[in-house]
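In what follows, a structure is listed as structure tokens, so that the remarks can point back to it.
Laboratory data are not the source of any read-out in this text; all were calculated from the coordinates shown. The model shown is predicted, which means the values in this text are computed figures rather than measured ones. Every residue, glycine as well, gets a Cβ built from its backbone with ideal geometry; the counts of neighbours run over all protein chains shown.
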Amino acid sequence: SRRGFPHVVLFQTYTLLPPSLTTGTQLNPRYVLVNQYMTWPNAQRFCRENFTDLATVRNDAENQAVTSVAQKAAWIGLFRGPNFYWSDESSFLFTNWQSGENQISSTTDMCGVTSLQNSGQWKFSSCETKLPFVCYKPAGECFTALH
């Protein structure tokens, strides 16, 4: 890859269940692992500039797809401060918390991490931690080559 561009791994995912009704734009998404370590705000900016946004997870099939792409700890679009939000403003309906991780009582802003090692369960980490991240684009939209 050229200098200055992160290593990007592309995966086509298929929704195994009918997609939830949503007003968002993430229908049958394609997930992308960006294997460059960034803070959550920088990862969000990168995804919005090069794809659609950080990964939003609306059901178990999408969670499995994101987890299979992530393979290790990676940012997803989950944000808590103090309520739960997805980066793309989709409704927060589906959850997959690692035991003891949905700490709504804390006032500290925290960002969501998923990991294959934790069976795709989510946890929070400081948004300033640097991790790889998963972006998405709706199916049918072209990816820009980032070689």
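With 10 angstrom as the radius, rank TYR31, TYR136 by how many other C-beta atoms surround their C-beta, starting from the fewest.
Details: TYR31 24, TYR136 29.
Going from least to most buried by this count: TYR31, TYR136.
Relative to the present Cα-Cα distance, how much length would full extension add between SER119 and ALA73 at 0.36 nm per residue of separation? Kindly include the intermediate steps, with their values, before the conclusion.
Values: separation 46, 0.36 × 46 = 16.56 nm, distance 1.08 nm.
Additional length available on full extension: 15.5 nm.
So if the hydrodynamic radius of the range 46-99 is defined as the Kirkwood radius over C-alpha pairs, what does Stokes-Einstein give as its diffusion coefficient at 20 °C and 1.002 mPa s, in µm² per second? Walk me through the intermediate numbers first.
On the way: Rh = 11.9 Å.
Once the numbers are plugged in, D ends up at 180 µm²/s.
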